[in-house]
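Q: Please see the structure below; I have some questions.
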Amino acid sequence: MSTGLLVAVVVLAAVCVLNLALVLRLSTLVRRQGAARAAADTPATLPAPGAALPAFAGVGATGVPVSSADLATGTVLVAFLSATCAPCRESLPDLAATATGLRETVPVVAVVSAPSHVDPADMIAALAGSCAVIVADGYHDPRFAGFGVGNYPTFLRYDDGVLGAAAHLLPELALPVPA
């Protein structure tokens, strides 16, 4: 009888190990499917060229007011960044250099979205002196909803108040060459 009991315990142990392996595999598949579904729900869309510069008003980090009326003529670069976005932080040196190079001919405005629990001070400091920086109230600040930005970073070039180009990478945006 002890042999039969031993065989039953071994078979039960094997079934438990097999069950554990199947549960772990199933949880991995469910996790991957959830991540894929989440990525599919947030497509990397860009605003369509030809859209008019939406009306907005804000106060830059230095206290200087900035509005759509100030940017309605000529070429303007508007950058949308998030304080919690790694690619946004990686783009800061290029944006600061581009803004500094274009300073005399092309106004550059950076809109930094930050949830209330994140301090964007380091991003503001990285762009200080190169462009106007406006801190948005979270990711859905109604002042900037008209721009149609859904992903970060997003760079928009407006020509005489009309969207000429949009990109998620600054080098992909055709900008005037500084003289």
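Okay, residues lined up against (1) more than 22 Å from LEU169 (Cβ to Cβ); (2) surrounded by 10 or more Cβ atoms within 10 Å (Cβ to Cβ); (3) modelled with pLDDT of 90 or more:
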residue: VAL15; (1), (2), (3): yes, yes, no
residue: SER27; (1), (2), (3): yes, yes, no
residue: ALA39; (1), (2), (3): no, yes, no
residue: ALA51; (1), (2), (3): no, yes, yes
residue: ALA72; (1), (2), (3): yes, yes, no
residue: VAL78; (1), (2), (3): no, yes, yes
residue: CYS85; (1), (2), (3): no, yes, yes
residue: GLU90; (1), (2), (3): no, yes, yes
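Q: Scanning region 102-131 for residues that are surrounded by 17 or more Cβ atoms within 10 Å (Cβ to Cβ) and not aliphatic (A, V, I, L, M), which turns out nearest to PRO47 (Cα to Cα)?
A: Ranking the candidates gives SER113 first.
Q: Quick one: in region 92-101, of everything that is over 17 Å from the mean Cα position of the chain (by Cα) and of a type outside the set (A, V, I, L, M), which residue is surrounded by the fewest Cβ atoms within 10 Å (Cβ to Cβ)?
A: Here the residue is THR100.
Q: If the requirement is being within 19 Å of PHE56 (Cβ to Cβ), in a helix (DSSP H, G or I), touching a helix residue (DSSP H, G or I) at 6+ places or on another chain (Cβ under 8 Å) and touching a residue at least 24 places away in the same chain (Cβ under 8 Å), which of these qualifies: ALA99, ALA79, ALA110, ALA126?
A: Sole residue among the options that is within 19 Å of PHE56 (Cβ to Cβ), in a helix (DSSP H, G or I), touching a helix residue (DSSP H, G or I) at 6+ places or on another chain (Cβ under 8 Å) and touching a residue at least 24 places away in the same chain (Cβ under 8 Å): ALA99.
The values are calculated or read from the model by the stated rules, or taken from the named source; none is laboratory data. It should be emphasised that the depicted structure is a prediction, and the values quoted were computed from it without experimental measurement. Positions of Cβ are backbone-derived with ideal geometry, glycine not excepted, and every protein chain shown enters the neighbour counts.
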